[in-house]
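Enquirer: Encoded as structure tokens, here's the structure I'll be asking about.
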Amino acid sequence: MNLIELADTLPNGFHDTQVQSFEMDYVGRILRFRLDVWIGEMEDEARRELYRLADLTLQEVAYLVIEPPGTGAAWQKAGEVRVDVGPGHPSKSSYLVPEAPPGTLASWFFLDDLNCFLYCAAATAELQWIGEERVR
């Protein structure tokens, strides 16, 4: 399963998910994220703000490109970073991002609080829940 297929299994994809941390293992070509995933249901007020802690692992990573924070972004403020995820590369990107090699999928994470993108290409994605549902 790739990152977009995985996102399609979640109630809200990765929209409004909070990134706590990530690490890139260049030797193993593995990109790991610790996420607080928004799993809330908009129609149910009692469940609207539900989140659940998870580890996202991308394997066979071909590349990782991280834009610097946008002008005026709150990059000096410590805390989680809200993200959204999508396929390919946004057309407004001014960065040269390579084509995804065969067998991988190009994807982006928009780091909302930093007003920048993280681009990657990976073959597979896996999500492991590590916490219980809770209201934020």
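Enquirer: Here are some conditions: (1) modelled with pLDDT under 95; (2) surrounded by fewer than 18 Cβ atoms within 10 Å (Cβ to Cβ); (3) over 15 Å from residue 118 (Cβ atoms). Residue 5 meets all but one. Which one does it not meet?
Expert: (1)
Enquirer: Let me ask something additional. Cβ-Cβ under 9 Å, sequence separation 6+ or interchain: first residue in the stretch 107-136 and over 22 Å from residue 29 (Cα atoms), partner among the hydroxyl-bearing types (Ser, Thr, Tyr). Which pairs?
Expert: Listed by first residue and then by second, the contacts come to 115/71; 131/51; 133/51; 134/51; 135/51; 136/51.
Enquirer: Take residue 103 and decide whether it is touching a residue at least 60 places away in the same chain (Cβ under 8 Å), more than 15 Å from residue 16 (Cα to Cα), loosely packed, with under 14 Cβ neighbours inside 10 Å and among the small types (Gly, Ala, Ser).
Expert: The answer is no for residue 103.
Enquirer: For the stretch 58-65, state whether one or more residues are free of Cβ contacts under 8 Å to residues at least 24 places away in the same chain, over 13 Å from the mean Cα position of the chain (by Cα) and outside any strand (DSSP E or B).
Expert: No; the residues of the stretch 58-65 include none that is free of Cβ contacts under 8 Å to residues at least 24 places away in the same chain, over 13 Å from the mean Cα position of the chain (by Cα) and outside any strand (DSSP E or B).
Enquirer: Oh, and also: If you go through the stretch 56-63 one residue at a time, do you hit one that is surrounded by 12 or more Cβ atoms within 10 Å (Cβ to Cβ) and over 14 Å from residue 122 (Cα atoms)?
Expert: Within the stretch 56-63, none of the residues are surrounded by 12 or more Cβ atoms within 10 Å (Cβ to Cβ) and over 14 Å from residue 122 (Cα atoms).
Enquirer: Across the stretch 113-129, which residue is farthest from residue 66 (Cα to Cα) among those that are at pLDDT below 90 and open to solvent by 30 Å² or more (accessible area, probe 1.4 Å)?
Expert: Step by step, filter the stretch 113-129, then rank; the result is 113.
Enquirer: Something else about it: Go through the residues of the stretch 75-82 one by one and say whether even a single one is in contact with a Lys or Arg (Cβ under 8 Å, 6 or more places away or on another chain), open to solvent by less than 40 Å² (accessible area, probe 1.4 Å) and not in a loop (DSSP other than H, G, I, E, B).
Expert: no
Enquirer: Now, a different point. Being among the β-branched types (Val, Ile, Thr) and open to solvent by 20 Å² or more (accessible area, probe 1.4 Å) is the filter here, so list the residues in the stretch 15-38 that pass it.
Expert: Selection gives 27, 30.
Enquirer: Go through the stretch 82-114 and count every residue that is under 14 Å from the mean Cα position of the chain (by Cα) and of a type in the set (S, T, N, Q).
Expert: Summing the residues that are under 14 Å from the mean Cα position of the chain (by Cα) and of a type in the set (S, T, N, Q) in the stretch 82-114 gives 1.
The values are calculated or read from the model by the stated rules, or taken from the named source; none is laboratory data. Keep in mind the model is a prediction, meaning the values are calculated, not measured. Quick reminder, even Gly has a Cβ in these numbers, built from the backbone with ideal geometry, and neighbours come from all protein chains shown. Protein only, heavy atoms only, side chains kept; ligands, DNA and RNA dropped before computing areas. Shrake-Rupley method; radii C 1.70, N 1.55, O 1.52, S 1.80 Å.
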